[in-house]
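This report refers to the structure that appears directly beneath it.
The values are calculated or read from the model by the stated rules, or taken from the named source; none is laboratory data. Just so you know, these numbers come straight off a predicted model, no measurement behind them. All Cβ positions, glycine included, derive from the backbone under ideal geometry; neighbour counts span all protein chains shown. To get the accessible areas, we keep the full protein, side chains included, count just its heavy atoms, and leave off ligands, DNA and RNA. Shrake-Rupley method; radii C 1.70, N 1.55, O 1.52, S 1.80 Å.
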Amino acid sequence: GDLPFVTSIFPLGGPAGAPTTVDVTGWNLPVAQVAVDDKGQNAGVLPLSVRGEGLISNRVPFAVDTLPECLESESKDPQGGRQQVTLPIIVNGHIDPPGDRDEFLFEGRAGSEIVAEVLARRLNSPLDSFLRLTDAGGRELMVSDDHEDKGAGLLTHHADSWLQFTLPADGTYCLQLSDVQHKGGPDHAYRLRIGPPRPDFELRVVPSSISARAGTAAPITVY
């Protein structure tokens with residue numbers, strides 16, 4: 001029909017309190033870009049839609065965060081170039097073409113903890129991420145494929161990667177991000193957060209709704 005429909009966006013999020021220009025892809029869209037002004041918004045996931053000729057598209061998730069952000073550098077050497085980043089950071093990028101692997105170098109100190117988290121499938125990206133952390137010499141320190149998110153449920157197949165690691169020595173470390181199925185494309189976008197842990201909590205109730213007769217008890221699980 002004539003309804004506008006968004007299939008993918010890039011970047012998948014932006015910094016809180018600052019406007020972000022977002023490329024939108026889909027059908028019957030009146031524009032190729034939209035400006036997202038999240039001034040006054042707290043960190044989290046907001047709905048993004050496109051309006052045109054009295055019609056409103058479907059809503060897609062747009063992540064907002066308070067950390068510094070950058071774009072994956074497309075000018076890296078195709079023979080294995082690596083992008084230097086300063087922590088903490090959120091990198092917005094794509095796994096494109098299929099089989100692509102993005103690598104990020106950062107400096108770390110002995111005993112410090114770092115967390116690497118991918119937001120992709122939870123933001124409607126088809127990416128099935130895989131993270132690999134190595135030292136400067138290429139020695140593997142830790143890997144992460146799927147990570148269970150109690151708030152996401154099975155709709156995402158827990159496909160977003162997450163790892164936490166205590167660095168053994170001062171020096172340079174490399175974080176590699178790829179698609180575990182060796183797929184890729186313009187729609188295989190991601191947000192990669194690298195930095196120290198950020199303690200937080202949320203309550204999740206399972207089941208999310210309860211059907212019980214008045215005066216009776218029903219068991220629930222709180223995560």
| said: Here is a check on your reading of the model: is residue 222 open to solvent by 80 Å² or more (accessible area, probe 1.4 Å) and at pLDDT below 95? | reply: yes
With the first residue restricted to segment 139-168 and required to be open to solvent by 60 Å² or more (accessible area, probe 1.4 Å), and the second required to be at pLDDT 95 or above and of a type in the set (D, E, K, R), Cβ contacts under 6 Å at 6 or more apart or on different chains are 143/132; 162/117; 166/113
Report yes if residue 82 is more than 29 Å from residue 4 (Cα to Cα), basic (Lys, Arg) and touching a Leu at 6+ places or on another chain (Cβ under 6 Å), otherwise no. yes
- Query: Any chance segment 113-131 includes a residue that's in a loop (DSSP other than H, G, I, E, B), without any contact (Cβ under 8 Å) to a residue 60 or more places away in the chain and within 30 Å of residue 221 (Cβ to Cβ)?
  - Reply: yes
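Please verify whether segment 197-208 includes one or more residues that are crowded, with 18+ Cβ neighbours inside 10 Å and touching a strand residue (DSSP E or B) at 6+ places or on another chain (Cβ under 9 Å).
Scanning segment 197-208 turns up no residue that is crowded, with 18+ Cβ neighbours inside 10 Å and touching a strand residue (DSSP E or B) at 6+ places or on another chain (Cβ under 9 Å).
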Reported set for segment 10-66 where residues are in a strand (DSSP E or B), of a type in the set (Val, Ile, Thr), open to solvent by 40 Å² or more (accessible area, probe 1.4 Å) and within 16 Å of residue 191 (Cα to Cα) is 21, 45
Within segment 127-138, residues open to solvent by less than 50 Å² (accessible area, probe 1.4 Å) and under 14 Å from the mean Cα position of the chain (by Cα) come out as 127, 128, 129, 131
